[in-house]
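What follows is a set of notes on a single structure, which appears directly below.
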Amino acid sequence: QVQLVESGGGLVQAGGSLRLSCAASGRTFSNYGMGWFRQAPGEEREFVAAINWSGMTYYADSVKGRFTISRDNAKNTVSLQMNSLKLEDTAVYYCAADAWVVLTTPTKINYWGRGTQVTVSS
């Protein structure tokens, strides 16, 4: 089992920045790919970014160039730096862990955090 706890959400004005963090515990953290997803009210959960054990990253087109995912295997943490935030980035953000090959498909992911709210205001 892997336990994931997100932090760092909040309210920010459009154009601002936020940094989300996810602390992992349980099985060997470095064995897993890590990802961030988000879900807005009435919408399906969507992929945001992922990072594998060696640091290779992958981003949704909607956040490419604005968001940066990183991980610290020694501290068992993964972070999401969000810059130039837009109103449409408002959502609950979830940390996820699983094999790299499934990390863009929420229905195939086994480990989820409880989520942290990000609200972008005008």
Rounded to whole Hz and in sequence order, give me ³J(HN,Hα) for segment 40-49 from the Karplus expression 6.51 cos²θ - 1.76 cosθ + 1.60, θ = phi - 60°, writing x for Gly and Pro. 8, x, x, 10, 7, 5, 10, 5, 10, 7
When the charge dipole of segment 1-93 is computed with +1 at the Cβ of Lys and Arg and -1 at the Cβ of Asp and Glu, the Cα pointing farthest to the positive end, of Tyr32, Gly42, Leu11, is that of Tyr32
Which ³J(HN,Hα) values, rounded to whole Hz and listed in residue order, are derived for segment 26-33 from phi using the Karplus coefficients 6.51, -1.76 and 1.60 in 6.51 cos²θ - 1.76 cosθ + 1.60 with θ = phi - 60°, glycine and proline given as x? x, 5, 3, 4, 5, 6, 10, x
Magnitude of the charge dipole, the chain, Cβ model with Lys/Arg +1 and Asp/Glu -1, debye to 20: 260 debye
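Identify the GluC sites (Glu not before Pro) of segment 15-114 meeting these criteria: DSSP loop state and at most 13 other C-beta atoms within 10 Å of the C-beta. Mind showing how you got there, number by number?
Values: sites: Glu43, Glu44, Glu46, Glu88; in loops: Glu43, Glu44.
Sparse-neighbourhood loop GluC sites (Glu not before Pro): Glu43, Glu44.
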Counting only heavy atoms of the protein chains, get the accessible area per residue of segment 26-92 (1.4 Å probe) and round it to a whole Å² value. 52 Å²
May I ask for the Rg/Rh ratio of segment 55-122, computed from Cα atoms with Rh as the Kirkwood radius, given to two decimals? 0.95
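The values are calculated or read from the model by the stated rules, or taken from the named source; none is laboratory data. Predicted model, so just to flag it, every value in this text is computed and none were measured. Using ideal geometry, Cβ is built from the backbone for each residue, glycine included, and neighbour counts are taken over all protein chains shown. All accessible areas refer to the heavy atoms of the entire protein, side chains included, with ligands and DNA or RNA removed. Shrake-Rupley method; radii C 1.70, N 1.55, O 1.52, S 1.80 Å.
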